[in-house]
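Enquirer: Take a look at the following structure, please.
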Amino acid sequence: MRVLSGIQPTGRFHWGNYFGAIRQYIDLQSADEAYYFIANLHALTTVRDREQLHRFTFDAAVELLALGLDPNHAVLFVQSDVPEVSELCWLLMTGTPLGLLERCHAYKEKKARGLTADAGLFTYPVLMAADILAYDADVVPVGQDQVQHIEVCRDLAGSFNHQFGEVFTLPKAKVLELGAKVPGTDGEKMSKSYGNTIEIFEAPQAMRKKVMRITTDSRPMEEPKEPEGDHLYQLFSLFAPPDACREMAAMYRRGGFGYGEVKKALAEVAERFFAEPRARRDELAANPQRVREILGDGAARARRKAAEVLRRAKDACGLSL
Ligand code: ADP
Ligand code: TRP
């Protein structure tokens, strides 16, 4: 089984990214072959600043490694370091019905807001399909919002195979339910676009401040509360071990506590949770050459695999003489 996923370098990673995506990558890396990449070509559809894209890409690598992505287990690379993918993207593009892309949510949402989309955003799912098919991936761990794109990938691979023979492996999405929707500081889904994130490597002081500002309801302290459905409890339970969660749940049901106490407990448990990765991140950030070596090695391994699949695809459709 080959696992593959990509994550866009569009800013510092937040708790939602960790529980919704990154943690799955790390859990799956020892299962089998794993390929993980930093999707800088996709990020180019939104990040239009050279320095920023550069920094986000490097920071993404550092953060993934610090969080436990192990280059001895997984192939870690930067998307644009594998040009075979862009070539494969064109092959797939020639068989992509426009209607399929018109139904994709990123494009649809932008249109619905009256904004003009460019061809990059419109064809984004085709590049994503190429990303997946180039490595014969079987399983793609992603957040719920990406499932539609995996379906597009399967459609494109299926019709290519139908036309030209069995070239591509059809992948399956793997969605992690537990962290499927990590709430942000306002109780809505945590997302960079909503400005409600808490970053994984936020300075401890700043992190505590953000936690203390998490919105809560205004029920009186003495009133017993149901922990399920409370976003503060939801966040706490992502970090805390089961016995601490049971205790916290019991405290909710008893009532007579303030949300301030829960927030303090959340800040503490979150800080402890990321303490080791934070130390590793500082070490890596101080050794950029090591990070470049890891990415260079990852890109070389990824290219070998992608070149093999591209050759197969070109042969099948008559592009190689
Ligand atoms: P953002 O919404 O902050 O821009 P991305 O879209 O770059 O985040 O998400 C990267 C990955 O993290 C995706 O797989 C996405 O599903 C996951 N993810 C992002 N936010 C959350 C969240 N609040 N809960 C669970 N998963 C999330
Ligand atoms: N579109 C994905 C996201 O925004 C990132 C991505 C690009 C990806 N290519 C991929 C994820 C291939 C999985 C497989 O989260």
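Enquirer: Could you tell me which of the residues Ala43, Ala39, Ala21 is within 16 Å of ligand 1 (Cβ to nearest atom) and modelled with pLDDT under 95?
Expert: After applying the criteria, what remains is Ala21.
Enquirer: Let me ask you something else. Might you check whether a residue that is at positive phi, surrounded by fewer than 21 Cβ atoms within 10 Å (Cβ to Cβ) and modelled with pLDDT of 95 or more occurs anywhere in segment 49-65?
Expert: The answer is no; no qualifying residue exists.
Enquirer: Within the set of pairs 6 or more residues apart or between chains, which connect a residue that is of a type in the set (D, E, K, R) inside segment 116-136 to a residue that is within 16 Å of ligand 1 (Cβ to nearest atom) with Cβ atoms less than 8 Å apart?
Expert: Asp118/Thr45; Asp131/Leu4; Asp131/Gly6; Asp131/Phe37; Asp131/Ala39; Asp131/Gln79
Enquirer: Output the number of residues of segment 98-155 satisfying the condition of being near ligand 2 (Cβ under 10 Å from one of its atoms), crowded, with 17+ Cβ neighbours inside 10 Å and not aliphatic (A, V, I, L, M).
Expert: Residues meeting the conditions: 9.
Enquirer: Those residues that are more than 21 Å from Met93 (Cα to Cα) and touching a residue at least 40 places away in the same chain (Cβ under 8 Å), I need them from segment 156-175; list them, please.
Expert: Matches in segment 156-175: Lys174 only.
Enquirer: Of the residues that sit in segment 26-36 and are open to solvent by 10 Å² or more (accessible area, probe 1.4 Å) and either hydroxyl-bearing (Ser, Thr, Tyr) or near ligand 1 (Cβ under 8 Å from one of its atoms) (or both), which one is farthest from Ile150 (Cα to Cα)?
Expert: Ser30
Enquirer: Tally time: how many residues in segment 66-83 are on the phi > 0 side of the Ramachandran plot and open to solvent by 50 Å² or more (accessible area, probe 1.4 Å)?
Expert: Residues that pass the stated criteria total 0.
Enquirer: So, Val269, is that one under 26 Å from the mean Cα position of the chain (by Cα), β-branched (Val, Ile, Thr) and under 30 Å from Val85 (Cα atoms) or not?
Expert: No.
Enquirer: Give the residue that is nearest to ligand 1 (Cβ to nearest atom), with candidates limited to residues of segment 156-167 that are open to solvent by less than 80 Å² (accessible area, probe 1.4 Å) and in contact with a Gly (Cβ under 8 Å, 6 or more places away or on another chain).
Expert: Only one residue tops the list, namely Leu156.
Enquirer: Continuing with this model, one more query. Select from segment 176-195 the residues that are surrounded by fewer than 18 Cβ atoms within 10 Å (Cβ to Cβ) and free of Cβ contacts under 8 Å to residues at least 40 places away in the same chain and write down the one among them that is nearest to ligand 2 (Cβ to nearest atom).
Expert: Applying the filter and picking the extreme gives Ser193.
Enquirer: Mind checking which residues of segment 115-149 are within 16 Å of ligand 1 (Cβ to nearest atom), part of a helix (DSSP H, G or I) and closer than 17 Å to Met1 by Cα?
Expert: Asp131, Ile132
Enquirer: Right, another one. Name the one entry in Thr46, Thr10 that is without any contact (Cβ under 8 Å) to a residue 40 or more places away in the chain and either at negative phi or crowded, with 23+ Cβ neighbours inside 10 Å (or both).
Expert: Unique residue meeting the criteria: Thr46.
Enquirer: Just checking, how many residues over segment 266-292 are open to solvent by less than 50 Å² (accessible area, probe 1.4 Å), among the small types (Gly, Ala, Ser) and more than 25 Å from Thr185 (Cα to Cα)?
Expert: The qualifying residues number 0.
Enquirer: If you scan segment 215-232, which residues turn out to be in contact with a helix residue (DSSP H, G or I) (Cβ under 6 Å, 6 or more places away or on another chain) and open to solvent by less than 70 Å² (accessible area, probe 1.4 Å)?
Expert: Scanning segment 215-232 gives Thr216, Lys225, Pro227, Leu232.
The values are calculated or read from the model by the stated rules, or taken from the named source; none is laboratory data. As the structure is a computational prediction, the values presented were derived from the model and not from experiment. Virtual Cβ from ideal backbone geometry, glycine too; neighbours counted across all protein chains shown. SASA here: full protein model, heavy atoms, side chains in, ligands and nucleic acids out. Shrake-Rupley method; radii C 1.70, N 1.55, O 1.52, S 1.80 Å.
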